[in-house]
Each structure stands twice: as structure tokens, then as C-alpha cells.
Ligand code: NAP
Ligand code: F7E
């Protein structure tokens with residue numbers, strides 16, 4: 001039987017990689033996106049071209065629906081009849097969740113409830129459900145963190161993801177649904193949103209090389225994160241739903257670096273000293289911070305056979321090369337240009 005996957009958040013970073021992966025495995029894929037005032041399908045436009053979504057039988061199509069709109073979720077479930085549902089949609093920015101707490105909780109916590117409830121009420125017994133849970137749920141719990149580590153969330157985002165985690169487990173326990181959580185540590189890529197710290201740094205370096213920017217403004221450089229590659233993590237997400245039984249799994253690299261390390265590595269690739277180009281500002285500090293995240297993914301390795309392929313150095317180079325290429329520079333050309341730069345001192 002052909003597998004049919006519904007992906008919420010398909011126009012986001014992970015949604016785009018997951019759609020590629022599932023299409024390569026022969027799935028019929030339906031994405032949902034909410035209305036925006038300007039098209040923002042850049043991450044999946046190549047899939048429209050490849051799988052022609054104008055055809056009624058197309059393997060890849062996108063439908064308007066919203067996690068805050070129950071009837072839109074019920075309609076797409078009824079019409080598409082998925083065998084697997086991947087709930088990746090979220091207000092995913094931790095810092096912004098302090099400014100938009102109510103809508104973050106609505107989308108990230110009540111949203112998954114609406115979706116789980118719609119699947120349950122539809123009577124479809126065999127649908128498998130994946131919830132995009134997050135290492136932000138661990139918050140202030142000291143590293144390393146695994147599936148048994150207590151949750152101590154430090155933001156409205158973290159709280160919303162804890163609620164969704166337990167709602168997913170509850171549907172598994174109370175109604176026997178195949179509902180699993182992936183507790184994913186930070187994962188990045190050249191498709192990462194521009195206001196997450198890794199992509200902000202690599203995008204800004206490319207702007208500096210192109211002569212469009214002098215300095216980068218950043219907040220807390222001491223935060224420690226376990227950064228992996230989104231392309232590796234969607235493989236783990238898929239494996240979580242192919243497992244014989246529903247369960248919860250941490251996905252992580254098991255390596256931890258500071259934001260300062262990320263600066264050193266990426267500027268270092270061009271022979272530059274990051275301190276010449278960075279200004280620290282309170283503007284990007286958060287009311288509460290998650291100091292250190294380091295994942296122990298031994299359960300996923302043992303049970304699912306999952307392991308990340310890309311590590312810190314490779315990730316930094318992949319992201320920087322992507323942003324430089326978009327401005328017409330190879331790494332080698334950027335190094336040559338970097339050697340001619342005169343940093344504008346001050347502020348750091
Ligand atoms: P992302 O790039 O921000 O993608 C999230 C997507 O959700 C966006 O396309 C967004 O649409 C969509 N969305 C937001 N509100 C929605 C709503 N009300 N209805 C329907 N769609 C909505 O995030 P990501 O990095 O791919 O992460 C995917 C998921 O994993 C998220 O749930 C995130 O919280 C979780 N997660 C991410 C990481 C990580 O490091 N990347 C780690 C752990 C967990 P718009 O483009 O219209 O805003
Ligand atoms: O921040 C610090 C910031 O926004 C990383 C999301 O995918 O991963 C992500 O959340 C660190 C924090 O990611 C800036 O204070 C310094 O300590 O890139 P970030 P995040 O908050 O770890 C988790 C697992 C998710 O689930 C989330 O969806 O970097 N930092 N200066 C900065 N952060 C940003 N964004 N911008 C700065 O200028």
C-alpha cells in the first residue's frame with residue numbers, strides 16, 4: 001500500500017527536507033501551509049517543479065490549513081486520508097515566544113491537541129502521529145539530557161512544547177494511538193531561518209564579504225548548544241514513525257559548543273577574527289536563558305539505528321558556503337576578499 005504523509009510546517013526548514021526524503025521513498029506527500037501576505041515557498045519550490053502539483057494525482061501537493069483552525073485540519077485529514085502525520089508546524093523562535101506567548105501556546109500546544117483530536121475523532125485507527133518536541137523542554141536541567149531527564153522549560157516556547165509532548169503521550173496511553181515524540185536538539189542547515197543564531201552568523205558573514213554589512217549584533221555568546229544538520233534529523237524523524245511501537249526518542253549529536261565557538265569556526269574558515277566584526281547588545285538577550293544543551297541519543301542509536309553524519313565543523317562550512325554561494329563567492333574567493341577587509345573597530 002502506498003504510504004501517505006501529511007506534513008504540517010512543510011514550508012519550514014525541517015518540513016522541506018522531510019518532504020524530499022519521503023518523496024524519494026515513494027510516499028504521496030501533502031503539506032499544509034497557512035496564508036501569508038507574500039509567497040514563502042522558497043524551500044519547496046523545487047518539489048513543485050519536480051512533482052507537478054497541478055495534477056490531481058500529483059505525489060506532492062500543498063493545501064491551506066492552520067493549526068489554530070480545527071475545521072481546516074479536519075478537512076485535510078478527511079480529504080487526504082494520511083497513513084502518517086508529521087506535526088512540524090510551530091512558532092519555533094524561542095526569543096520571540098517571550099513577546100508572543102499567547103499565540104505561541106495556541107499554535108504549539110493547543111495546535112497539536114487539535115490535530116490529535118481530529119485524528120482520533122476521524123475514527124482512522126492506524127494513523128501514525130509524530131510530534132516535533134524539543135530539547136528546549138529540558139531548559140535549565142543540566143547536561144547531558146536524555147529521555148529520562150526532567151523538563152524545566154525556560155520560555156513560553158519551552159512550556160508549549162512540554163504541553164504538546166504530554167498531550168502526544170496522553171493520546172498514546174488513553175486512546176492507544178500510534179503517537180510518538182522526537183525530542184530534537186538544535187539542527188540547522190543552509191535553509192535555517194535567518195533569525196536563528198547560526199544562520200544569522202553565516203548570512204551576515206556573506207554580507208560582510210559582499211560589502212553589505214560592517215558588524216553583526218548578537219546577544220549571549222556563552223550559551224552552549226548541540227548543533228546537528230536538519231537533513232540527518234529528518235531521517236531520524238522518519239525512523240521514529242517506522243518503529244514497531246510508538247515511543248519517545250532524543251535525536252542529537254552528543255557534541256556541545258558555545259555561540260562563541262560557532263563564531264570562531266565560521267569566521268576562522270575565512271581567516272578572520274570574529275571579534276573584529278561582532279557587537280554585543282542586550283537587544284538579543286532573553287528574559288530567561290537555556291544555558292547548556294547536550295543530547296544523549298544512545299536510545300535512538302540502539303533502537304532505531306540512527307546516527308548523525310554531519311558534525312560541527314562540516315555544518316559550519318556547509319552553512320557558510322551556502323550563504324557565500326548565494327552572493328556569488330566560493331570559499332576560496334571569499335578568503336581572498338577577506339584578506340583585503342579593514343574591520344571597523346568598536347562596540348565589542
Ligand atoms: P521552522 O522553519 O520555523 O518551520 C515551522 C513551520 O511551521 C513554518 O513553516 C511555519 O509557517 C509553520 N507554522 C507556524 N504556525 C503555523 C500555524 N498556525 N499553522 C500552520 N503552520 C504554521 O521550524 P523548523 O526548524 O523546521 O522546526 C520544525 C519543528 O521542529 C518545529 O515544531 C520546531 O519547534 C521543532 N524543533 C525544531 C528544532 C530545530 O533546531 N530546528 C529543534 C527541536 C524542535 P510560516 O512559514 O508561515 O511561519
Ligand atoms: O539561539 C543565543 C540565544 O535562536 C541559540 C529553535 O530551533 O533550537 C532553537 O532554539 C542561542 C540562544 O536557537 C543571538 O540566546 C545569541 O542561547 O539559534 P537560537 P534556540 O533558542 O536554541 C531549539 C532546540 C528549538 O526547539 C527551537 O525551535 O544563541 N543568541 N545571540 C542568539 N540567538 C538568536 N536567535 N539571535 C541572536 O542574535
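What to note about this one:
- Checked against the criterion of being within 13 Å of the chain's Cα centre (by Cα), surrounded by fewer than 23 Cβ atoms within 10 Å (Cβ to Cβ) and modelled with pLDDT of 95 or more, the range 120-137 contains not a single residue that satisfies it.
- Hey, residue 115 more than 15 Å from ligand 2 (Cβ to nearest atom) and in a helix (DSSP H, G or I) or not: yes
- Here is the figure for the range 107-148: residues that are more than 10 Å from ligand 1 (Cβ to nearest atom) and over 18 Å from residue 76 (Cβ atoms) total 13.
- For the range 200-214, the candidate set comprises residues that are outside any loop (DSSP other than H, G, I, E, B) and in contact with a helix residue (DSSP H, G or I) (Cβ under 7 Å, 6 or more places away or on another chain); within that set, the residue that is nearest to ligand 2 (Cβ to nearest atom) is 201.
- Entry remark, the range 91-106: residues being within 14 Å of ligand 2 (Cβ to nearest atom) and either surrounded by fewer than 24 Cβ atoms within 10 Å (Cβ to Cβ) or not assigned by TED's automatic domain parsing to the domain that holds residue 67 (or both) number 9 in total.
- Count of residues meeting criterion [buried (at least 16 other Cβ atoms within 10 Å of the Cβ) and either part of a helix (DSSP H, G or I) or free of Cβ contacts under 8 Å to residues at least 24 places away in the same chain (or both)] in the range 69-90: 7
- Considering (1) without any contact (Cβ under 8 Å) to a residue 60 or more places away in the chain; (2) out of contact with any strand residue (DSSP E or B) (no Cβ under 7 Å at 6 or more places or on another chain); (3) away from ligand 2 (no atom under 14 Å from the Cβ), the lone condition that residue 194 does not fulfil carries the number (3).
The values are calculated or read from the model by the stated rules, or taken from the named source; none is laboratory data. Quantities reported herein were computed from a predicted structural model and do not represent experimental measurements. Note: ideal-geometry Cβ built from the backbone for every residue, glycine included; neighbour counts use all protein chains shown.
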